[in-house]
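Following: one structure in structure tokens, then a few remarks.
The values are calculated or read from the model by the stated rules, or taken from the named source; none is laboratory data. Keep in mind it's a predicted model, so treat the numbers as computed, not measured. Reconstructed Cβ throughout: ideal geometry from the backbone, glycine too, with neighbour counts over all protein chains shown. For the accessible areas, the whole protein counts, side chains as well, though only heavy atoms, and no ligand, DNA or RNA atoms are used. Shrake-Rupley method; radii C 1.70, N 1.55, O 1.52, S 1.80 Å.
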Amino acid sequence: MVKRNNKDINNNNLPGLFDDIDMGLDAVPTSILSDIARHVAKAQEKTLEHNRVPNIPRQTLSTEMPLGPVVVKPVPNRIMFMSFGSGSSGNCSYIGDSKSGFLIDAGVDPRTVAEGLRSHGISMDQIKGICITHDHGDHMRYVYAILRKNRHISLYCTPRAMNGIMRRHSVSRRLKDYQINIYKEIPFTIDNFTITAFEVMHDGTDNAGFFVQHDDRAFTVATDLGCISERADYYMRQSDYLMIESNYDLNMLRFGPYPEYLKARIRNVNGHLDNKVTAEYLAKIYSERLTHVFLCHLSQDNNTPEAALNESRTALESIGLKVGTGCNTPDDNASHIQLVALPRFDCSQLYCLRPKNK
């Protein structure tokens, strides 16, 4: 008990925590003021503890805390590429980005395509189109089966290519319900991609390669061609990523079991590309822009992945390039260019193609 103006003062007479305690405090003993200060500090501490954001250090609960939504830096959009099979047994590949994508050719069964995409978290709902290069069965065998199961997908091919498909193969006429006509050298769009079909030299009906643009990058697809035509050369020289045929080894074809008429067809200017021709062409057109080359449509009987890769690697190394394998290893990342032979029967890995130096 303490005395104030000869009257007893006890704790019940102390001002409340939220009372105005500036009036008359000069007469309050220091010990009582200390008690009041401790009560106030303890109440503030409890309030602060109650309002504290979990797992955030106390020192950050100040003006250092960000106001408004957290801003995430955008990641440069990637072009994704995958092959589901490449060769005379069946051809189909995927090009896409984080939003959507499309298939090039449909010579692989729908289940393999859907499961290959699903294994990388890509739904068939994201596939917006199928671009057909020509009317040979290994490039269009399953086109109607895929479209019938995925009715949101459109078919992009030239009118002449469609006529060739209907003439050569037993396909439902309903295939035309999905068709969107395209014409060579006239760009068309599939979501974020701008695509231009161009002439390639082959013995199908109205054979096309595709020049695919996304932002400031380009992916060129040139499969099934017997020689490098002027228009094919024009587009392939602008590529950041190139899928090009490397079909046969000349000696394996020459001394192999094929009948002479078939050997002559393959070697014709409307046939297929020899490993050596492909390799020399790659060394000729290389620029710093070209970062990935995918060798496609390797013959099962007249080629091997090792032979095709060795021929192109040797040609690229002869002009001073370090050649990677596309496996994203530190050694690959230090290479000038990535060189890959696409599997004949199996799905490839999913390649995430970033802008150079990203």
Relative contact order computed over the range 147-293 (Cα-Cα under 8 Å; 6+ residues apart), in percent: 18
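With both partners inside the range 171-309, how many of the DSSP beta bridges are antiparallel, as a percent to the nearest 5? Please list the in-between numbers first.
Working: 14 of 24 bridges.
Given both bridge residues lie in the range 171-309, the antiparallel proportion sits at roughly 60 percent.
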Subset of Lys99/Lys128; Lys184/Lys276; Lys149/Lys176; Lys322/Lys356; Lys128/Lys176; Lys184/Lys284 violating a 18 Å alpha-carbon distance limit: Lys184/Lys276; Lys184/Lys284
Summed side-chain charge close to Lys276 - residues other than Lys276 whose Cβ falls under 9 Å, Lys, Arg +1, Asp, Glu -1: -4
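Could you tell me what % of all Cα pairs in the range 121-206 have separations over 20 Å?
Details: 1197 of 3655 pairs.
The calculated P(r) of the range 121-206 puts 33 percent of pairs beyond 20 Å.
Nothing charged except the Cβ atoms of Lys and Arg (+1) and of Asp and Glu (-1): what's the magnitude of the dipole of the range 65-224 about its Cα centre? Round to the nearest 20 debye. Walk me through the intermediate numbers first.
Values: 18 positive and 16 negative charges, 121 e Å.
Value, rounded to 20: 580 debye.
Could you pull out the chymotrypsin sites (Phe, Trp or Tyr not before Pro) across the range 165-222 that fall in loop regions by DSSP (anything but H, G, I, E, B) with no more than 15 other Cβ atoms inside 10 Å?
On the way: sites: Tyr178, Tyr183, Phe188, Phe193, Phe198, Phe210, Phe211, Phe219; in loops: Tyr183.
In loop regions of the range 165-222 (DSSP not H, G, I, E or B), the sparsely surrounded chymotrypsin sites (Phe, Trp or Tyr not before Pro) are Tyr183.
Less than 15 Å Cβ to Cβ from Ala334, Lys/Arg counted +1 and Asp/Glu -1: what total charge do the surrounding residues give?
Numbers: positive: Lys322, Lys356; negative: Glu288, Glu317, Asp331, Asp332.
That sum, taken over residues with Cβ under 15 Å, equals -2.
For the range 117-176, give the percent of accessible area contributed by carbon and sulfur heavy atoms, probe 1.4 Å, rounded to a whole number.
On the way: 1180 of 2900 Å².
Carbon with sulfur: 41 percent of the solvent-accessible area.
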Over the range 129-263: Rg over Rh, Cα atoms, Kirkwood Rh: 1.00
For the range 240-285 versus the range 111-146, the gap between their alpha-carbon centres in whole angstrom: 26
Percent accessible area from carbon and sulfur atoms, the range 214-281, protein chains only, probe 1.4 Å: 52
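Which value, in Å², gives the accessible area per residue of the range 157-202 when a 1.4 Å probe is used on the protein heavy atoms?
Each residue of the range 157-202 exposes 54 Å² on average to a 1.4 Å probe.
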Values of log10 I(q)/I(0), in the order q = 0.19, 0.25 Å⁻¹, for the range 81-160 under a Debye, Cα-only, solvent-free model: -0.71, -1.27
